[in-house]
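To keep things clear, I will list the structure first and then write my remarks on it.
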Amino acid sequence: GSGAGGSGGDTRAELAAVGRWGEALVYNLLLATLPPSRRVDWLNQEAETRAPYDLMVCDRGGSGVREFVEVKTSRYYDHNVFDLSYFEWEFLSREPPVQYRIYRVSGAAEAAGPRVSVIHDVLRA
């Protein structure tokens, strides 16, 4: 998950910290809202993996549909443009299609708190 939407003076480390914060927020949101039969794996919990998604949701038994979640975080509400890497685009648009969602976290630095929206069908968004 990339941390975007900072001022022009943000360092790579600051942007990474914002992105990591957003991933943690979505990870905990999913843990709190999904049924107990579903498991959430946070790929970057220990270190950045460079995978084309940040979280994977699946049945605890490992069967069923896997959902892949990419988190895009910005500090401010009005920063609504984010980048997709080539590898993210390649993964989400492959055949057969995968269940790929983007969780958009905006306002990470806003006093009123962050807003989370979900893009369910990325190819049609």
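The values are calculated or read from the model by the stated rules, or taken from the named source; none is laboratory data. The structure presented is a predicted model; accordingly, all values stated were derived computationally and were not measured. Every residue, glycine as well, gets a Cβ built from its backbone with ideal geometry; the counts of neighbours run over all protein chains shown. To get the accessible areas, we keep the full protein, side chains included, count just its heavy atoms, and leave off ligands, DNA and RNA. Shrake-Rupley method; radii C 1.70, N 1.55, O 1.52, S 1.80 Å.
Just to be sure, is Asp83 open to solvent by 50 Å² or more (accessible area, probe 1.4 Å) and within 16 Å of Ser117 (Cβ to Cβ)?
So Asp83 fails the test.
With respect to the conditions (1) touching a residue at least 12 places away in the same chain (Cβ under 8 Å); (2) within 21 Å of Thr11 (Cα to Cα); (3) open to solvent by 40 Å² or more (accessible area, probe 1.4 Å); (4) of a type in the set (A, V, I, L, M, F, W, C), Val118 lacks only one, and its number is (2).
Evaluation of Arg38 against the conditions (1) within 13 Å of the chain's Cα centre (by Cα); (2) open to solvent by less than 40 Å² (accessible area, probe 1.4 Å); (3) of a type outside the set (A, V, I, L, M) shows that the sole unmet condition is (1). So which of Gly3, Gly61, Gly8 is open to solvent by less than 80 Å² (accessible area, probe 1.4 Å), modelled with pLDDT under 90 and out of contact with any helix residue (DSSP H, G or I) (no Cβ under 6 Å at 6 or more places or on another chain)? Just a single option satisfies the conditions, and that option is Gly61.
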